[in-house]
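Only one structure is covered here, and it is reproduced in the block below.
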Amino acid sequence: MAGKRHQRLNSVLQLAEVKENTAAADYVKSRDDWDFNRTKLDELRAFRAEYQNPTANEPFTPERFQSTRQFLSQLSQAIDQQEQQVEQVMTRMQLDEALWNDHRVKRMSIEKLIEKRTSEAEKLESKREQSELDEMSRLSPRP
């Protein structure tokens with residue numbers, strides 16, 4: 001009876017480990033996506049800062065001013081979109097991390113339950129063996 005219970009708990013533990021590992025992989029992927037998108041945002045911001053400070057070598061004509069202003073406007077829009085993307089990916093990453101932590105806690109709880117049940121079974125077995133030894137010594141003839 002105890003053996004079947006132990007097998008079932010081990011099966012539940014294996015399933016919990018699979019869920020935890022899957023959740024961990026999802027979290028790592030979303031963290032990598034966040035890192036990628038954050039780097040892209042930083043690059044866009046650096047590019048805008050560089051473009052906002054034109055070199056003095058080229059003459060500043062009205063056409064150049066207009067084209068620079070239009071380009072900076074488009075670049076600012078791209079930065080705004082990238083900021084939204086970073087926020088969305090960060091939210092996903094936080095959800096994935098929370099899910100991974102939940103699965104990790106569940107797995108650890110199952111491991112503790114298995115340890116507790118194993119310890120209880122060992123204590124019961126020890127008591128049973130001691131009881132048998134006591135009974136044998138009581139029944140054996142004394143010289």
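Find which of S126, Q52, Q66 sits farthest along the positive direction of the dipole of the chain, computed with +1 on the beta-carbon of Lys and Arg, -1 on that of Asp and Glu, about the Cα centre. The residue sitting most towards the positive pole is S126.
FRET efficiency for the pair E111 and Q77, taken as 1/(1 + (r/R0)^6) with r the Cβ-Cβ distance and R0 = 41 Å, rounds to 0.20.
Each residue of the stretch 35-42 was assigned a 3J(HN,Hα) from its phi angle through the Karplus curve 6.51 cos²θ - 1.76 cosθ + 1.60 (θ = phi - 60°); the sequence is 4, 4, 5, 5, 4, 4, 4, 4 Hz, with glycine and proline shown as x. Which ³J(HN,Hα) values in Hz, rounded to whole numbers, follow from the phi angles of the stretch 112-119 under the Karplus curve 6.51 cos²θ - 1.76 cosθ + 1.60, where θ = phi - 60° and Gly and Pro get x? So the J values, rounded to whole Hz, are 5, 4, 4, 4, 5, 5, 5, 4.
Of all the C-alpha pairs in the chain, what % are more than 28 Å from each other? Before the final figure, lay out the partial values.
Details: 5946 of 10153 pairs.
Cα-Cα pairs in the chain separated by more than 28 Å: 59 percent.
If the segment from A49 to K29 were pulled out straight at 0.36 nm per residue, it would be longer than the present Cα-Cα gap by 4.2 nm.
For the chain, the mean residue ellipticity at 222 nm estimated from helices alone is -34000 deg cm²/dmol, where every DSSP H run of n ≥ 4 contributes -39500 (n - 2.57) and the total is divided by all residues, rounded to the nearest 500.
Just checking the listed ones, S126, S76, S30: in the Gaussian network model of the chain with Cα springs under 10 Å, the one fluctuating most is S126. For R104, the shell of other residues with beta-carbons less than 11 Å away shows a net charge of -2, using +1 for Lys and Arg and -1 for Asp and Glu.
In a fully extended conformation the segment linking R69 and T39 would gain 8.4 nm over its present Cα-Cα distance, using 0.36 nm per residue.
No lab work stands behind these numbers, since they all come straight from the coordinates. Treat the numbers as computed from the prediction; the structure is a model and nothing was measured. Heads up, the Cβs are rebuilt from the backbone with ideal geometry, glycines too, and the neighbour counts pull from every protein chain shown.
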